[in-house]
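Trainee: Starting off with a structure, shown below.
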Amino acid sequence: MNRYARAALRSRLLMATSATLGVKFPGAAISFLLQILLARVLGAEQYGVYAYVFTWVIAVEVIGAFGLDTASVRFVAVYHSKEQWSWLRGFCRRAYQLSSVIGCGVGLAMAGVVGALLTAGLIRPELAQVFWIAAVLLPLFALIQTQAGVLRGLGGVITALGPREIVFRVTVAGLVGALVVTGIVQVRANVAMWITVAAALGATTLLMFILRAVQDDATHEVAPTFATREWLGTAGPMAVTAGATNFMRRVDVLAVGTLVGTTLAGIYAVATRIIAMTRYGLNAVDIALAPEFARLHALGQIDSLRRLAFRGAWLTALLALPLLVALIVGAPWILALFGKDFIQGVTIVRILAAGELVNVLTGSNGLLMDMAGLQRRMAHVVTVTAVAALAAIPLAVWGWGAPGAAVAASTMSAVRNLWVVQELRVNLGVNPTVFSVRGWQLERGSLRALFGRGRKS
């Protein structure tokens, strides 16, 4: 890659990352304020019910998307760059159809399982009601994820993220606030979940109109071409990876809620959401890097891939490390914003923050596996570690309570990240971490090159 191509790549990366952060950070602030609002309005007990059920929804929503959200970034970017309009139209149509149908199936399955548990007396009627309402979210979230993936493939970072990161959350906060002010109905967990459903419906409708506006006219003028088996063959392993990763990040909350109680699960969920704020930098970098990873790998430009992964890792570290330090120091004051009942989560926040360091320093390792065609190896790694987490975390909760869950979850996350890094080094010859020796060499030892101010190489 010549210096002009590298400059263009660096410019695209910084523009995409800046655009992503322009949505992600306001979205993180809105999410933080929304959780404070919900915790204050609902109280620890009702917030625990809402958070426990919503965590289940987030844990299984990727099954509905079936990896089509990640596959959309890859296929849409390729078809659009090659102007293969019929393939692009066919992929989008089939992706929307499949995510909607599978999402409905997952929602019905959740409702059925909850009904069986209620009949057996293993779940409270109030909790079952909130689960049934939440089941409606699953097809909506699956479609939102796929729509956003298509927009990311088309290069529309802000339009892809805005509806869910900002519009969805502002709508929930606005409706909850309106009910509190007017006093029309008492806001409990079931009412809050109905509000969440209404906000999700608004987000997917907005995305539908955006997609109609941004897609090329040529896409609408050709007959769609389908390769459903090929698309599902790629999306399937990505679905396994995304599902297992999602589950690993939430099995601790679910274990605490199931084995200890929903009230403590709500406190633990607040701790995990506070820590999740540090991942917005990684998420933003991932969204910017995904199409570039796919393009560079397809062109066989491995050194450029190494350089890009290295820059992404350092950019992620620079964004996340100050936040992690602030959370470790300021945990008591931050939790007090949610209410006095939530202050007992200080130890959990600090354990999870320490564990997040490995995730931050190992860069966009999972994304690179998917974009470089190593999705089956990624699925294997994540599945094995998810199964291990499923065994270790409940045992830790049984033995040491919520702090035990935090230690076990952090340990399993570190194991998965380090395993994926090793897979990339062996199968692709790329070290995606901040410690990459080859990355340092390619940058000629200058961190200033991360921001485009270093000497061109």
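Trainee: How many residues does the range 60-84 hold that are in contact with a Gly (Cβ under 9 Å, 6 or more places away or on another chain) and of a type outside the set (A, V, I, L, M, F, W, C)?
Mentor: Total satisfying the criteria: 9.
Trainee: While we're looking at this one, here's another question. Any residue that is farther than 21 Å from Gly243 by Cα, among the basic types (Lys, Arg) and assigned to a helix (DSSP H, G or I) - is there at least one of those in the range 82-96?
Mentor: yes
Trainee: Considering the range 397-438 alone, what residues qualify as being touching a residue at least 60 places away in the same chain (Cβ under 8 Å), part of a helix (DSSP H, G or I), in contact with a Ser or Thr (Cβ under 9 Å, 6 or more places away or on another chain) and farther than 21 Å from Gly373 by Cβ?
Mentor: Those that are touching a residue at least 60 places away in the same chain (Cβ under 8 Å), part of a helix (DSSP H, G or I), in contact with a Ser or Thr (Cβ under 9 Å, 6 or more places away or on another chain) and farther than 21 Å from Gly373 by Cβ: Val397, Ala402, Ala406, Ala409, Met412, Ser413, Leu418.
Trainee: Also, I was wondering about something else. Could you list all residues from the range 170-212 that are closer than 16 Å to Leu42 by Cβ and of a type in the set (Lys, Arg)?
Mentor: Once the filter is applied, which keeps residues that are closer than 16 Å to Leu42 by Cβ and of a type in the set (Lys, Arg), the range 170-212 yields only Arg188.
Trainee: Can Gln186 be described as among the polar types (S, T, N, Q), modelled with pLDDT under 95 and not in a helix (DSSP H, G or I)?
Mentor: yes
Trainee: Could you tell me whether Gly103 is crowded, with 19+ Cβ neighbours inside 10 Å, in contact with a Pro (Cβ under 6 Å, 6 or more places away or on another chain) and within 19 Å of Pro237 (Cα to Cα)?
Mentor: It is true that Gly103 is crowded, with 19+ Cβ neighbours inside 10 Å, in contact with a Pro (Cβ under 6 Å, 6 or more places away or on another chain) and within 19 Å of Pro237 (Cα to Cα).
Trainee: Please pick out the residue among Val384, Val346 that is surrounded by fewer than 16 Cβ atoms within 10 Å (Cβ to Cβ), of a type in the set (Val, Ile, Thr) and either modelled with pLDDT under 90 or assigned to a helix (DSSP H, G or I) (or both).
Mentor: Going through Val384, Val346 in turn, the sole match is Val384.
The values are calculated or read from the model by the stated rules, or taken from the named source; none is laboratory data. In this text, all values refer to a predicted model and were calculated from it rather than measured experimentally. Neighbour counts are summed over all protein chains in view; Cβ atoms, including those assigned to glycine, are modelled from backbone coordinates with ideal geometry.
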